[in-house]
Every structure is written in structure tokens, then in C-alpha cells.
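Encoded as C-alpha cells, the structure appears first; notes follow it.
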Amino acid sequence: MIFRTENDGKMLAFLASIYDNACMNSKQRKTLEVVFKDPVSGTIEWAAIESLLVAVGCRAIEGNGSRVRFEKDGEIESFHRPHPTKEAKRYQVRATRAFLIRLGITL
């Protein structure tokens, strides 16, 4: 017999978050920590952020030029890859943090 409760959705989100975090390597976990750190860092390489988003299950959708969108569970966030530098801008780090929170991924 299976019992259903109103907290099933919360439990599933919690278990999904644990699974997502388990799929990350140590560099991706470090990037996650830096993304959630205050003050916002301006020295994170964009490639590390992309790697983190893919590790948590996002699908990267290439656009024109430097545009890239990430999609997971119906949530979509658009970015422009920084150029000519490799480092993400602070507003991109903040947007990544907000996107991860919308996905239910936190520290």
C-alpha cells in the first residue's frame, strides 16, 4: 500500500536536488559554492558555469553568435557567452544563481 501526502512534491524536489548534487564532480561543486557566495565573484570562468548547469541536468541550446540558453523542467534562462574574456560577468553569476534557485538547487 502506498500512502500519498501533501509533502510528496517537496520530498521529490529534495531527492532530485540530492541526485543533482551527487552527479557533480568536485570542480562543479566548487563552482556552485562560488555562485552562491557573497559578494558575487567576477573571476569565475564561463566554462565552469556551463559545466555546472549541464551537471545539474540542464540542456544547453545554442543560439546565434554567443547566445546560449539552458533548459530544465520547463525553466529557461538565456545568456550571452562573455567575450573576449573567459570570465563571467557579475550579472551573469547572479542570473545563474537565480536560475539555480528556480530549479530548486541551493547549497
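Can you say whether Ala88 is surrounded by 18 or more Cβ atoms within 10 Å (Cβ to Cβ), closer than 16 Å to Arg29 by Cβ and out of contact with any His (no Cβ under 8 Å at 6 or more places or on another chain), as far as the supplied structure shows? No; evaluated as a whole, the condition is false for this residue.
For Val93, are the conditions met, namely being hydrophobic (A, V, I, L, M, F, W, C) and either in contact (Cβ under 8 Å) with a residue 40 or more places away in the chain or under 15 Å from Thr31 (Cα atoms) (or both)?
Yes; evaluated as a whole, the condition is true for this residue.
Candidates Glu71, Glu50: the one that is surrounded by 13 or more Cβ atoms within 10 Å (Cβ to Cβ) and part of a helix (DSSP H, G or I) is Glu50. Anything in the stretch 68-87 that is within 16 Å of Glu45 (Cβ to Cβ) and in contact with a strand residue (DSSP E or B) (Cβ under 7 Å, 6 or more places away or on another chain)? List them, or say none. Listed by number, the residues that qualify are Val68, Phe79, His80, Arg81, Lys86, Glu87.
Read-outs throughout are calculated quantities, based only on the coordinates presented, and are distinct from any laboratory measurement. Everything quoted here is computed from the prediction, not taken from an experiment. Every residue, glycine among them, receives a Cβ derived from its backbone with ideal geometry; neighbour counts consider all protein chains shown.
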